[in-house]
Amino acid sequence: MIGIVDYGMGNLFSVSKALERIDVESFISDDPAELVKADGILLPGVGSFRDAMNLLERQKLDVFLKEYTESGGFLLGICLGMQLLFDESEENGPTKGLSLIPGKVVKFSGIDSKDQPYKVPHMGWNYLNFQYRSPLITDVKEDYVYFVHSYYIEAEDQTVVTASADYDVAVPAIVSKGNVYGMQFHPEKSGAMGMQLLKNYIELVEGKK
């Protein structure tokens, strides 16, 4: 059973429907006492990093997620949920994150190396380039996935970057550190590849990979 964290800023319905499509049972909750019973957890997110952290802290979910992963529980952050896994974000001023993976969240400059403007947010389909091995990408071929974001990760340790996408800079798209994973794109909107990645996460949770 997968627990989906409800802290007020996640696209919970689309994520739960994606799990339903791959025959995975899930529940949505904002209660750590319920979420701790989950075999694995999804942390979706859409919106402001600062607002998200304020809500997590208000509901003591930040403490719960740290304790859950420290005890070996599997966690997958999606979109903003992936950014929350890192140390801090510069969005709306410096804001501390969950510090489960070293690194920070910064905004796309909107100006490329030739001083030409490019569109922010990074929105639409973009190609994934695999960089480091991870059980999350077992049996998955490089392909396009769907992004919507204005901020991206600068990881302290590049070996946590399983896959990246090119958008003026190399954008970390999948991150993996121990039992903590993140996807900057929306797997639930990314067709067959997104579904396979979610299946791989479930198999990790179930101990099959």
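The values are calculated or read from the model by the stated rules, or taken from the named source; none is laboratory data. Only a predicted model underlies this, so the values are computations on that prediction, with no experimental measurement involved. Note that we place each Cβ from the backbone using ideal geometry, even for glycine, and neighbour counts take in every protein chain shown. Surface accessibility is based on the protein's heavy atoms, side chains included, excluding ligands, DNA and RNA. Shrake-Rupley method; radii C 1.70, N 1.55, O 1.52, S 1.80 Å.
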Within the bounds of the stretch 40-57, is there any residue that is out of contact with any Gly (no Cβ under 6 Å at 6 or more places or on another chain), loosely packed, with under 14 Cβ neighbours inside 10 Å and either charged (D, E, K, R) or closer than 19 Å to Ala170 by Cα (or both)? yes
Quickly run through the stretch 162-209 and pick out the residues that are open to solvent by 10 Å² or more (accessible area, probe 1.4 Å), of a type in the set (Gly, Ala, Ser) and not in a strand (DSSP E or B). Gly178, Gly191, Ala192, Gly207
Just give me the residues in the stretch 104-124 being in contact (Cβ under 8 Å) with a residue 12 or more places away in the chain, open to solvent by 90 Å² or more (accessible area, probe 1.4 Å) and assigned to a loop (DSSP other than H, G, I, E, B), in sequence order. Ser113
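Select, from Tyr127, Tyr68, Tyr132, the only residue that is surrounded by 13 or more Cβ atoms within 10 Å (Cβ to Cβ), under 17 Å from His186 (Cβ atoms) and of a type in the set (Ser, Thr, Tyr). Full working, then the answer.
Details: Tyr68 fails: under 17 Å from His186 (Cβ atoms); Tyr132 fails: under 17 Å from His186 (Cβ atoms).
Going through Tyr127, Tyr68, Tyr132 in turn, the sole match is Tyr127.
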Taking Tyr151, is it within 17 Å of Leu84 (Cα to Cα) and of a type in the set (Ser, Thr, Tyr)? yes
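Whether any residue in the stretch 153-161 is open to solvent by 40 Å² or more (accessible area, probe 1.4 Å), charged (D, E, K, R) and assigned to a helix (DSSP H, G or I) is what I want to check.
Within the stretch 153-161, the first condition is being open to solvent by 40 Å² or more (accessible area, probe 1.4 Å), and the residues that meet it are 154, 156-159.
Filter once more, keeping what is charged (D, E, K, R): 154, 156-157.
Checking which are assigned to a helix (DSSP H, G or I) leaves us with none.
No, the stretch 153-161 contains no residue that is open to solvent by 40 Å² or more (accessible area, probe 1.4 Å), charged (D, E, K, R) and assigned to a helix (DSSP H, G or I).
Counting only residues that are buried (at least 18 other Cβ atoms within 10 Å of the Cβ), touching a strand residue (DSSP E or B) at 6+ places or on another chain (Cβ under 6 Å) and farther than 14 Å from Gly178 by Cα, how many does the stretch 89-103 have?
Start the filter on the stretch 89-103 by keeping residues that are buried (at least 18 other Cβ atoms within 10 Å of the Cβ), which leaves 89, 91, 95, 97-98, 100-101, 103.
In the following step, the residues that additionally are touching a strand residue (DSSP E or B) at 6+ places or on another chain (Cβ under 6 Å) were identified as 89, 91, 95, 97, 100-101, 103.
Add one more test, that the residue is farther than 14 Å from Gly178 by Cα, and what stays is 89, 91, 95, 97, 103.
Total satisfying the criteria: 5.
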